[in-house]
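The values are calculated or read from the model by the stated rules, or taken from the named source; none is laboratory data. Values in this document were obtained by computation on a predicted structure and should not be read as measured data. Because the Cβ atoms are built from the backbone with ideal geometry, glycine has one as well, and the counts that use them run over all protein chains shown.
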Amino acid sequence: MTKVTTLGEFIVERQADFPFAKGELSRLLSAIRLAAKVVNREVNKAGLVDDIMGAAGSENIQGEDQQKLDVYANIQMINALRAQQEVCGIGSEENEDFIAFDQGQSIWGKYIVMMDPLDGSSNIDVNVSIGTIFSIYRRKSKPGSVAELQDFLQPGDDLVAAGYIIYGSSTMLVFSTGKGVNGFTLDPSIGVFCLSHPEMCIPEDGNIYSINEGNYKQFPEGVKKYIKYCQEEEDDRPYTSRYIGSLVADFHRNLIKGGVYIYPSTGKNPKGKLRLMYENIPLAFLVEQAGGCASDGKNRILGIEPEELHQRTPLFIGSKNMVKKAEEFMAEYSSVEANY
Ligand code: P6P
């Protein structure tokens with residue numbers, strides 16, 4: 001019988017991978033693990049328990065209706081990270097400003113976390129996979145002081161770790177600390193995340209393209225040309241179009257099977273819909289660690305200098321050769337004005 005490695009064992013075994021963490025990062029990842037289990041329990045009850053379904057009757061900073069589970073997941077992540085006292089602050093999709101932990105030992109926390117506590121939450125009511133996305137930075141401000149905006153507006157190249165939890169047919173935690181990507185599946189019978197996808201690598205090529213073609217008319221010309229390229233019948237095309245409408249689920253499928261996910265600029269979202277700090281950067285970090293790449297159609301995501309906490313950028317992410325092909329079309333037709 002092969003030995004099963006739990007997430008806890010993995011973190012201890014890989015302690016040496018965290019050059020400067022004397023257990024802090026390990027404890028931080030353990031806090032995220034705990035929050036993931038608590039959120040998973042509620043997500044799996046959705047549909048059975050009335051008081052967690054549907055909208056919470058409030059809006060988040062993005063002006064989007066907050067689903068009750070959005071709010072619940074946000075609170076669970078914040079509480080678990082605050083309790084660990086390794087984190088001096090959190091930036092969340094659900095909160096307009098960053099949250100600085102100014103009580104007790106938290107002001108000495110060496111890390112900050114950026115997160116989307118429950119991405120794709122509009123899919124909760126229709127039982128489609130949703131996810132939590134997080135990224136971890138070392139703080140820039142002086143330990144012992146309250147976290148500052150500079151701690152949160154850091155480029156992806158300064159990331160210490162990033163990952164996501166996908167609440168799907170099974171619940172998985174996929175993360176990287178810069179030494180490859182590993183996936184852990186929750187065994188609900190014992191409530192433990194077990195290593196199920198060691199050293200994840202995204203195929204350099206794939207035949208899946210993920211984009212909301214309902215927005216076709218609003219796309220930049222280069223994206224329109226790339227979609228037509230995907231639909232041509234040659235060189236093992238036409239490709240297959242797969243779009244779940246839940247970023248973590250689309251990303252996870254492409255990570256395993258190969259493929260490209262594109263959310264370009266549109267008339268409704270001229271800078272793209274997805275947020276740089278807690279969606280695009282963490283997934284770009286993971287995909288590069290897995291051998292893929294991620295850009296805004298031209299610029300590498302991890303090299304973008306953030307200016308705002310909730311800044312949006314276009315996202316082209318996945319198999320290296322597919323992203324590069326889409327970028328070629330974007331460059332070739334960059335001068336064509338989008339006519340939406
Ligand atoms: P559209 C969910 O709201 C989300 O942020 C991502 O999870 C998803 O990929 C995207 O937006 C879907 O957006 O405009 O295609 O419905």
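One line per residue, one yes/no per condition, for (1) under 20 Å from the mean Cα position of the chain (by Cα); (2) crowded, with 23+ Cβ neighbours inside 10 Å; (3) over 20 Å from Lys179 (Cα atoms):
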| position | (1), (2), (3) |
| --- | --- |
| Lys225 | no, no, yes |
| Arg237 | no, no, yes |
| Arg242 | yes, no, yes |
| Pro264 | yes, yes, yes |
| Asn269 | yes, no, yes |
| Asn280 | yes, yes, no |
| Ala284 | yes, yes, no |
| Glu308 | yes, no, yes |
| Leu315 | yes, yes, yes |
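Among the residues making up segment 191-225, those that are farther than 22 Å from Val260 by Cβ and assigned to a strand (DSSP E or B) are Val192, Phe193, Cys194, Leu195, Ser196. Applying a threshold of 6 Å to beta carbon distances and a minimum spacing of six or more residues, or different chains, the list of pairs starting in segment 169-183 at a residue that is closer than 17 Å to Thr132 by Cβ and ending at one that is part of a strand (DSSP E or B) and hydroxyl-bearing (Ser, Thr, Tyr) reads Ser170/Thr185; Met172/Thr185; Val174/Tyr164; Gly183/Ser196. When segment 252-261 is filtered for residues that are more than 8 Å from the ligand (Cβ to nearest atom) and either over 30 Å from Asp116 (Cα atoms) or touching an Asp or Glu at 6+ places or on another chain (Cβ under 9 Å) (or both), the ones remaining, listed by number, are Gly258, Gly259.
Do we find that Lys273 is within 11 Å of the ligand (Cβ to nearest atom) and in a loop (DSSP other than H, G, I, E, B) in this structure? For Lys273, the condition - within 11 Å of the ligand (Cβ to nearest atom) and in a loop (DSSP other than H, G, I, E, B) - is met.
Each row is one residue, and each column tells you yes or no for (1) touching a residue at least 12 places away in the same chain (Cβ under 8 Å); (2) away from the ligand (no atom under 16 Å from the Cβ); (3) within 29 Å of Phe98 (Cα to Cα); (4) not acidic (Asp, Glu).
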| site | (1), (2), (3), (4) |
| --- | --- |
| Lys140 | yes, yes, yes, yes |
| Ala147 | yes, yes, yes, yes |
| Pro155 | yes, yes, yes, yes |
| Ile166 | yes, no, yes, yes |
| Ile190 | no, yes, no, yes |
| Phe219 | yes, no, no, yes |
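Note on segment 227-251: among residues that are of a type in the set (Ser, Thr, Tyr) and assigned to a loop (DSSP other than H, G, I, E, B), the one that is nearest to the ligand (Cβ to nearest atom) is Ser246. For segment 43-56, residues that are out of contact with any Phe, Trp or Tyr (no Cβ under 6 Å at 6 or more places or on another chain) and modelled with pLDDT of 70 or more total 2. Report the residue count in segment 135-162 for those that are buried (at least 24 other Cβ atoms within 10 Å of the Cβ) and either among the polar types (S, T, N, Q) or on the phi > 0 side of the Ramachandran plot (or both). Going through segment 135-162 one residue at a time, the tally reaches 1.
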